[in-house]
Amino acid sequence: MLTVDDALTRILNCIAVLAVEPVPTIEALGRILAEDVVAATNIPPFANSSMDGYAVRAADVVRAASDSPVKLRVVGTALAGKVADTVVGQAEAMRIMTGAPLPPGADAVIPVEDTSNQWFTDGSLAQPDQVTVYCSVQPGDYVRPAGEDMRAGQLVLRAGTTLRPQDIGVLVSLGQTPIMVYRQPRVAIISTGDELVDIADPLGPGQIRNSNSYVLASLVSSLGAIPIQLPVARDTLADVRRCFQTALDHDPDLIVSSAGVSVGTHDMVRAVIEEMGVLAIWRINLRPGKPLVFGRVGDVPFFGLPGNPVSAMVTFDIFVRPALRKQMGGDPYNVPTITAVLGEDMRSDRRRTYARVTLTRRDDAAGVDQNGEQRNASHREYYQEWIAHPTGTQSSGALLSMVLADGLLIIPEGVTMAHAGERFTVRLLRDIWML
Ligand code: AMP
Ligand code: MG
């Protein structure tokens, strides 16, 4: 049987990166950037004030202090969005608002709090024509120089980045739109099984609802790809064949099916793949999810996931997610993991095992400082370690265990007992801030 790592390498070798396309920047959240972005201009484009205060010549106030204040003549007001045309001369100051361009002549800003005028009155520009300054400033103080944030010519975003809100902000700051991103994979989703009924249909004897189709569609969407859910295929060669043909008719980039890949008398999927394409991999040394199939239907890469809801989800996470990430131009191996201490013994069977665990944090010894005192509660997050507890049943049919699980703890090949207190890698099933 193939190992998980060998299987993943072989699978990824069969996956091609999709084409790129332009999208309006404001619609690009979650898309993967297909080009390096270089700042065409300085951001900010002009030197501006980081405080509400007075723009001054630092040389005029080098000796200012609370016991030797310096008086300056106020020559106007510099507002955000306006370029002042008055020059700040010797012994002069100009009121300035946060973000306003630094007026000519000035080289520093004194916050209004450090002057005789403790605040600016709302909206009114009728201000004293003198200001008393109680402290000195150096040239450049409270001034954000042009290019402080981004310099013209600087590489600001790399191809392969999954765009986050702040990335969109940088692109908008630079006025960059549209932006080149990888095309979103279209993923056909097939469920097979005589027992399956849809969410609103009456449940007859022996029947269950087709949850896999919706779980897989949700997984596909959450990765930024486009799911195409197809009607259930019944457990006959003819119906499974017809369903795969329908999938091909949608011109997908990937086909994912669930169930029908084990060794039951009605497991038709493998036979149909051998007819309609290539079966490259069947059975991988892992738990849950051993009967996974990978191959092609026509020219389209294909995953046949096991039918058990947990097996389908786990194998999606381990194999389909990296494949989709590669198609979308991302790093397929970049998976969110943490290291956790196992909270109780767990038996294993020498297969690579992905155990559903909940995660809690506890202060470790480092949470107590040298004086033996507990660190301030607000610093706790830095000194904690993760503890993993199995979610109870590890049955691959128990979907609720995936609801309880915060992550999948990886027990390596060859292990028969994972001991409490040992450290393991855990793949996260939630963003860490939700834990
Ligand atoms: P199979 O791989 O066809 O032997 O299915 C394995 C188990 O998964 C059986 O208990 C099926 O009833 C269950 N199963 C198969 N497909 C689905 C599905 N779409 N949604 C929920 N459970 C499923
Ligand atoms: Mg079945």
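The values are calculated or read from the model by the stated rules, or taken from the named source; none is laboratory data. This structure is a prediction, so every number in the text was calculated from the model and none was measured. When we count neighbours, we look across all protein chains shown, and the Cβ atoms used for this are built from the backbone with ideal geometry, even at glycine. Areas reflect the complete protein model, heavy atoms only, side chains present, ligands, DNA and RNA absent. Shrake-Rupley method; radii C 1.70, N 1.55, O 1.52, S 1.80 Å.
Odds and ends about this structure:
- At a probe radius of 1.4 angstrom, the accessible area of the chain per residue rounds to 48 square angstrom.
- Helix 211-222 and the longest principal axis of the Cα set of the chain meet at an angle near 30°.
- Cα gyration tensor category, rounded, prolate or oblate, for region 251-365 with a/c compared to 1.5: oblate
- Within-14-Å neighbourhood charge of Pro291 [Cβ basis; K, R +1; D, E -1]: +4
- Proportion of all alpha-carbon pairs of the chain beyond 35 Å (%): 52 percent
- Once all protein chains are placed together, Asp85 keeps about 140 Å² accessible to a 1.4 angstrom probe.
- Rounded to the nearest 20 debye, the dipole magnitude of the chain is 820 debye, with +1 charges on Lys and Arg beta carbons, -1 on Asp and Glu beta carbons, and the Cα centre as origin.
- List Trp386, Trp282, Trp433, ordered by accessible area with a 1.4 Å probe, largest first: Trp433, Trp282, Trp386
- Anisotropy class of region 286-346 from Cα gyration tensor, a/c 1.5 cut: oblate
- If R0 is taken as 51 Å, the Cβ-Cβ distance between Glu195 and Val38 corresponds to a FRET efficiency of 0.35.
- Accessible surface of Thr353, taken over heavy atoms with a 1.4 Å probe and every protein chain present, rounds to 20 Å².
- The chain: antiparallel DSSP beta bridges as a percent of all, rounded to 5: 70 percent
- Largest-first ordering by accessible area, 1.4 Å probe, given options Val131, Val170, Val87: Val87, Val170, Val131
- Principal axis dimensions, largest first and in whole angstrom, of region 1-40 by Cα: 51, 19, 16
- For region 147-296, the C-alpha radius of gyration divided by 2.2 N^0.38 Å, with N the number of residues, is 1.42.
- A helix-only calculation puts the chain at -4500 deg cm²/dmol for mean residue ellipticity at 222 nm, using -39500 (n - 2.57) for each DSSP H run of at least four residues, averaged over all residues.
- From the C-alpha gyration tensor of region 48-144, square roots of 5λ in Å: 18, 15, 12
- For Asp317, the accessible surface of its heavy atoms amounts to roughly 20 Å² (probe 1.4 Å, protein chains only, rounded to the nearest 10).
- Multiplying the residue separation of Gln118 and Val20 by 0.36 nm and removing their Cα-Cα distance gives an extension gain of 29.8 nm.
- If you wrap region 29-72 in the convex hull of its Cα atoms and look at it from every side, the mean projected area works out to 6.5 nm².
- Using the Stokes-Einstein relation with a Kirkwood hydrodynamic radius computed over Cα pairs, the translational diffusion coefficient of region 388-434 at 37 °C and a viscosity of 0.692 mPa s comes to 273 µm²/s.
- To put it simply, the accessible area of region 1-136 at a 1.4 Å probe is 54 percent carbon and sulfur.
- Percent carbon-and-sulfur accessible area, region 229-356, ignoring ligands, DNA and RNA, probe 1.4 Å: 46 percent
- Candidate aspartates and glutamates for bridging to Lys326, where Cα separation is under 15 Å - those fewer than 8 sequence places away on the same chain excluded: Asp253, Asp317
- Across Val143, Val17, the residue with the most accessible area heads the list, and the full order at a 1.4 Å probe is Val17, Val143.
- In degrees, nearest ten, helix 237-249 long axis to first principal axis of the chain (Cα): 30 degrees
- Net +/- balance of residues flanking Ile387 in space, Cβ distance below 9 Å, scoring K and R +1, D and E -1: +1
- 5 angstrom amide H check on Ser257, placed H, neighbours 5+ away: Ile190, Phe303, Gly304, Leu305
- Highest to lowest packing among 9-15, 92-98, 407-413, scored as the average C-beta count within 10 Å: 92-98, 407-413, 9-15
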